[in-house]
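The block underneath contains the structure these notes are about, expressed in structure tokens.
The values are calculated or read from the model by the stated rules, or taken from the named source; none is laboratory data. Values in this document were obtained by computation on a predicted structure and should not be read as measured data. Positions of Cβ are backbone-derived with ideal geometry, glycine not excepted, and every protein chain shown enters the neighbour counts.
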Amino acid sequence: MERKHISLKEKLAAALYEVGRLRAIFPRPDGIPRAGDSEKWTNSPVRVAALNGATADEMIALFHWDHNKFHAYGGSDIWQNLNPLLIEDHREKTRRDIAIIAKGKRIRRKEAAHKSRLNPTLVIPLTDGERRRPSRPFPKRRKAL
């Protein structure tokens, strides 16, 4: 007897269930469970959905895909750069990431302004897609009175 084909959607739902289960049981980087960790699995949306007989689509809908390397810093959409996170965890991480990305942009803008003051002949990008080019590399001559 031949088994029927298991769809990628079913495989993804099973993998995400396992990811959610393992993260709830071992939420710390060292993987050592501590007091109170068992409650996280008991109240986990992944466990609740599985107990209620969720479909593959419902299990997949519990997760968002996070970029390991920020998309704003050139992170790609390939599988090695994506990490499944529960929706609430992803929203919390995104709030922190936005502040980090904004600070990086502020630092780059300040550095560009500083470089332009040191050497005004440089063409320096001020923001994404916007450039400022000095009209002349030297100041105009003042007219004598």
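Table for the structure above
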{"item": "Residue match in the stretch 61-74 (condition: assigned to a loop (DSSP other than H, G, I, E, B), among the hydroxyl-bearing types (Ser, Thr, Tyr) and under 20 Å from the mean Cα position of the chain (by Cα))", "result": "no"}
{"item": "From 42, 55, residue being at pLDDT below 80, among the hydroxyl-bearing types (Ser, Thr, Tyr) and outside the structural domain of residue 108 (by TED's automatic domain parsing)", "result": "42"}
{"item": "Flag if residue 87 is over 30 Å from residue 11 (Cβ atoms) and at pLDDT 85 or above", "result": "no"}
{"item": "Every residue from the stretch 70-84 that is touching a residue at least 12 places away in the same chain (Cβ under 8 Å) and over 26 Å from residue 13 (Cβ atoms)", "result": "70, 72, 73"}
{"item": "Among the candidates 49, 35, residue that is at pLDDT below 85 and either charged (D, E, K, R) or surrounded by 15 or more Cβ atoms within 10 Å (Cβ to Cβ) (or both)", "result": "49"}
